[in-house]
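Step one of this worksheet: look at the structure below.
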Amino acid sequence: MGRTAVIYATGLTKNTKKVAEYIAKKIGADIFNLKEITLINLTEYDTVIFGTGIHTGKPYKQVVEFIDKNKDALMQKKQYLFIECMYNGEKGDAQRDAIAQELGIKNAVYFNKKDDEMNEAGFPKAVDEFIARL
């Protein structure tokens, strides 16, 4: 896969941070919290995985702003998106699709910590399924 960066913004619950750290550890990626660092040398990476929570139906502004500022550099990268949201099923699908379209990232998934199927680390099994597809 080449070098991978996991770039995320998290909210009060820190769920997105926890998932980002888990993914980065599992795949050996560098990890960046956009609330702490906003200058990232994207030329070092072949793949970028974005993570965001949802606030009032929208992705966190740090992720939106970072993607907007780095559109040209990101066009040459494999891009993935994971969203921490409170919905499952059709509502979760709709929210994922709307945010993926807004951010311009086709490969998008969502996770819900209320999911019935959890892995041994306490994350939804969908996180491991996402990692397996990278």
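None of the figures in this text is laboratory data; all of them are computed from the coordinates on show. All values reported here derive from a predicted model rather than from experimental measurement.
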- Message: Antiparallel versus total DSSP beta bridges in region 1-78: what percent is that, nearest 5?
- Response: 15
- Would you mind telling me which residue in Q76, Q95, Q62 has the biggest mean-square fluctuation in a Gaussian network model of the chain, where springs connect alpha carbons within a distance under 10 angstrom? Q76
- Message: Under the rule a/c < 1.5 gives rounded, and otherwise a/b versus b/c splits prolate from oblate, where does region 90-134 land using the Cα gyration tensor?
- Response: oblate
- What is region 56-109 by shape, rounded, prolate or oblate, if you read a ≥ b ≥ c off the alpha carbon gyration tensor as root eigenvalues and call it rounded for a/c under 1.5, prolate for a/b larger than b/c, and oblate otherwise? prolate
- Note on the structure: Under the rule rounded for a/c under 1.5, else prolate if a/b exceeds b/c, else oblate, using alpha carbon gyration tensor axes a ≥ b ≥ c, region 1-44 is classed as oblate
- Could you pull out the pairs from K61/K91; K69/K114; K26/K69 whose alpha carbons sit more than 31 Å apart here? K69/K114
- Message: Hydropathy at least -1.0 by Kyte-Doolittle, axial extent at least 15 angstrom from the Cα trace: which helices of the chain, defined as entire DSSP H runs, fit?
- Response: 15-27
- Query: Using only helices, what value at 222 nm comes out for the chain when you add -39,500 (n - 2.57) per DSSP H run of length 4 or more and divide by the total residues, to the nearest 500 deg cm²/dmol?
  - Reply: -11000 deg cm²/dmol
- State the label only: which of [x] 30, 16, 12; [y] 21, 17, 14; [z] 24, 19, 14 corresponds to semi-axes √(5λ) of the Cα gyration tensor in Å computed from the shown model? [y]
- Message: With both bridge residues required to lie in the chain, what share of the DSSP beta bridges run antiparallel, to the nearest 5%?
- Response: 10
